[in-house]
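Worksheet: one structure, shown below.
Just so it is clear, none of the values below were taken in a lab; they were calculated from the coordinates. For clarity, every value in this text was computed on a predicted model and none was experimentally measured. A quick note on method: Cβ atoms are made from the backbone with ideal geometry, for glycine too, and the neighbour counts reach across all protein chains shown.
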Amino acid sequence: MKGKICTVLFLPILFAGCVTGTVLETQNNVIGDGSVDNRIDSFEDVTINGCVEKISIQSDDVADSPVLLYLHGGPGSSMFMYSHVYNDKLRKNFIFVNWDQRGTAFSYHERMTKNISEDAIRDDALELTKYLIKRFKKQKIYILGHSFGSVIGLQLVANHPEYYFAYIGVGQVINYKYKESVEITYKWLHETLVKAGDYKNLERIEKDHFPYIDIVTMYGGHHNPAIDLDSLKKTSPYYFDGYFDLAKKSQAYTLECMAKNKNFKSIFNKPLSKINVPLYFFEGVNDHVIACAPETVVEYCKTVRAPDVKIIWFENSAHMINVEEPEKFQKELIKVKQETSQGTNVSQKSAF
């Protein structure tokens, strides 16, 4: 059912190692949309373009807050299990929406559609945008794209600027600079392995002249090695026994479907040279994820035409700035709201 969204909410139910759609906020007069007076904390199934997908919506001030939609990376890498680390201030300043894209984690289910492609995810993101604008009676929304999600997000704001106040790219992929990014990452990893005397992994990357992500991660190019991401996931209110199996199975399925779709190679497309919304790029100084070299973002910012273009650097982060520097991450997002709220229906008040 192209271009349609319907919503289903459930009371909290846990069974057989699975999580159903859940309204997390159960105090005082929970009403049909999961809200309590002017607050909302919900975990919902929405049917987007015929596919059942999961979203969470959190806000302490629905009436006066703009929507912030988070597009996760991967493909197939959910952010639900990390959101509790960086949502305490976001929910006070935004209607913060997390979304598992089709086929990802909570949006993976039996008889899953095989139509998982960059185009399908982008179409879903557009329909979800329209749905959130209508549901919360907003003029526009803010959209954040992380890693692979930044490919989707940048294309969306380029093609549909009328729906967005601003775009925030985290670990931004600059599509037409993919090969350059790989080369930058390879050089860094090669130098790092030589310095560390890790000749086994050095031989591995030299064989294919490619910076494999597991080795990049081992040396802190994905996130600070002091942070145990799996342990962090277990502290999430969404965690349940069996989640890791679900996440692994769903990501494998998503990648399999994406690899069969020719649009997966669209990272090699021509540059988006003109975008009619303000652009903010949140970049970790230590980000060495293969497609996300910050150097390519710096070069892109010199050429793109937009109402405003800014890079915000995170000195103590790699690719996971939301969990590596959660306080700064939230503070900078609130600044984006303040800087782009003039002449809009977005309240300029901020809660810290």
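Some values worked out for this structure:
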{"quantity": "Peptides 278-287, 193-202 ordered by average Cβ neighbours within 10 Å, highest first", "calculated": "278-287, 193-202"}
{"quantity": "Candidate lysines - alpha carbon under 21 Å from K302, same-chain residues fewer than 8 apart omitted", "calculated": "K177, K179, K270, K274, K310"}
{"quantity": "Backbone HN-Hα couplings from phi across region 48-55 [Karplus 6.51/-1.76/1.60, Hz, Gly and Pro as x]", "calculated": "10, 6, x, 10, 6, 9, 9, 10"}
{"quantity": "Cα pair distances of region 282-324 binned at 10 Å [whole percent]", "calculated": "29, 51, 20, 0"}
{"quantity": "Charge dipole magnitude, Cβ of K and R +1, D and E -1 - region 64-178, Cα centre, debye nearest 20", "calculated": "300 debye"}
{"quantity": "About the Cα centre, charge dipole magnitude for region 104-151 (Lys/Arg +1, Asp/Glu -1 at Cβ), debye", "calculated": "420 debye"}
{"quantity": "Cβ-based net charge around H209, under 15 Å, with every Lys or Arg adding one and every Asp or Glu removing one", "calculated": "-2"}
{"quantity": "Distance between modelled label sites at K137 and K179, nm, 7 Å Cα→Cβ extension", "calculated": "5.3 nm"}
{"quantity": "Set of lysines near K114 by C-alpha distance (under 21 Å), chain-local residues within fewer than 8 positions excluded", "calculated": "K2, K4, K54, K248, K249, K260, K262, K265"}
{"quantity": "Charge dipole magnitude, Cβ of K and R +1, D and E -1 - region 149-248, Cα centre, debye nearest 20", "calculated": "80 debye"}
{"quantity": "Kirkwood Rh (inverse of mean 1/r, distinct Cα pairs), region 147-281, angstrom", "calculated": "17.9 Å"}
{"quantity": "Net charge over other residues, Cβ less than 14 angstrom from the Cβ of Y82 (K, R count +1; D, E count -1)", "calculated": "-4"}
{"quantity": "Spread of Cα-to-Cα distances over 10 Å intervals beginning at zero, given as percent, for region 108-174", "calculated": "20, 48, 27, 5"}
{"quantity": "Eligible lysines near K89 by straight Cα distance, threshold 21 Å, same-chain separation 8 or greater", "calculated": "K138, K140, K233, K328, K331, K335, K337, K349"}
